[in-house]
Amino acid sequence: MRKFYICLTSALTLSSQAMAETAPDPRELITPAIIESVGEWLDNPIVALSINAQNDLRGALAQADIDALDQQWRAERESDDKPLISATLSAPLSIYLLRVQAGALGLYPEIFVMDANGLNVGQSAITGDYWQGDEAKFQETFPKGPEAIFIDEPEFDEGLQIWRAQLNMTVKDPETGKAIGAATIEFNLTELQRRQTPNS
C-alpha cells in the first residue's frame, strides 16, 4: 500500500510538472469569438455608467493623489478597517462582475474594471493594488484607443495548478464611442483549453 501511495504521489508530481512546463498559448485559446462574448457582457450599462461616474467624480488626478489612494488600498488589505476596499467591493459594478464570474463556472478567476486614471472601479475580488495605470493591462489598452485589446503572457498558478492569462480591453462609452476606461478579464486557460477540447 505504501509503495502504491509513493508511486501515485510521484505520478501526480510528474503530471503537475508536465502541466507547468507546457504553457498553453492564450492568443490561440482566447479567440475572437470569446473576446466578442466578453465584450457583450461588458456592454451592460452598469459598466459604462460606473466608469463615467468615477471619471466625473475624480477627473484627471495628479500622480501624488493616485499614489495616496493606492497606498491606502494596500494598507487596508492588512487592516480590519477597509473603507476604500469595502466601498469598491460593494459597488453595483463589483456585484455585477462577481455574478459574471460565478456564472462562468471557473473560467474567470478574476475580473476588474478601471477608470481613466487606471484606478479600480469594480472588481470580483480584492486585487493586490488599486492603481493599474503603471501596468501593461492599462497602458496597452485605454491610452491606445477604444478598440485596443491586449492579451498578456500566461502564468502558472502553483496553488491552483492551472495556467492563467489576462485579456485586457479598452471600455468605451456606448453613446460617444470614446475610451473611458479598461477591463481585465483573467482566464483559467486550463479550463478554457478543456472546454475547447472535443469529448473532454
Output for region 90-123, where each listed residue is open to solvent by less than 10 Å² (accessible area, probe 1.4 Å) and within 23 Å of LEU189 (Cβ to Cβ): LEU97, ILE111, PHE112, VAL113, MET114, GLN123
Members of region 19-30 that are outside any helix (DSSP H, G or I) and open to solvent by 90 Å² or more (accessible area, probe 1.4 Å): THR22
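Do you know which residues across region 145-164 are part of a strand (DSSP E or B) and under 16 Å from GLN132 (Cα atoms)?
ILE149, PHE150, ILE151
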Test set (1) modelled with pLDDT under 95; (2) open to solvent by less than 50 Å² (accessible area, probe 1.4 Å); (3) aliphatic (A, V, I, L, M); (4) outside any helix (DSSP H, G or I) - ILE126 fails condition number: (2)
Per-region count, region 180-200, residues part of a strand (DSSP E or B) and not acidic (Asp, Glu): 8
Within region 1-57, tally of residues that are at pLDDT below 95 and among the basic types (Lys, Arg): 2
So GLY145, is it open to solvent by 10 Å² or more (accessible area, probe 1.4 Å), of a type in the set (Gly, Ala, Ser), on the phi > 0 side of the Ramachandran plot and modelled with pLDDT of 95 or more: yes
Positions within region 165-179 being part of a loop (DSSP other than H, G, I, E, B) and in contact with a helix residue (DSSP H, G or I) (Cβ under 7 Å, 6 or more places away or on another chain), in sequence order: ASP173, PRO174
Pair list, Cβ < 8 Å and 6+ apart or interchain, from region 124-151 residues that are more than 18 Å from TRP73 (Cα to Cα) to residues that are part of a loop (DSSP other than H, G, I, E, B) and open to solvent by 70 Å² or more (accessible area, probe 1.4 Å): PRO146/LYS178
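The values are calculated or read from the model by the stated rules, or taken from the named source; none is laboratory data. If you're wondering where the values come from, they're calculated on a predicted model, not measured in any experiment. Cβ coordinates were reconstructed from backbone atoms using ideal geometry, including for glycine residues, and neighbour counts include every protein chain displayed. SASA here: full protein model, heavy atoms, side chains in, ligands and nucleic acids out. Shrake-Rupley method; radii C 1.70, N 1.55, O 1.52, S 1.80 Å.
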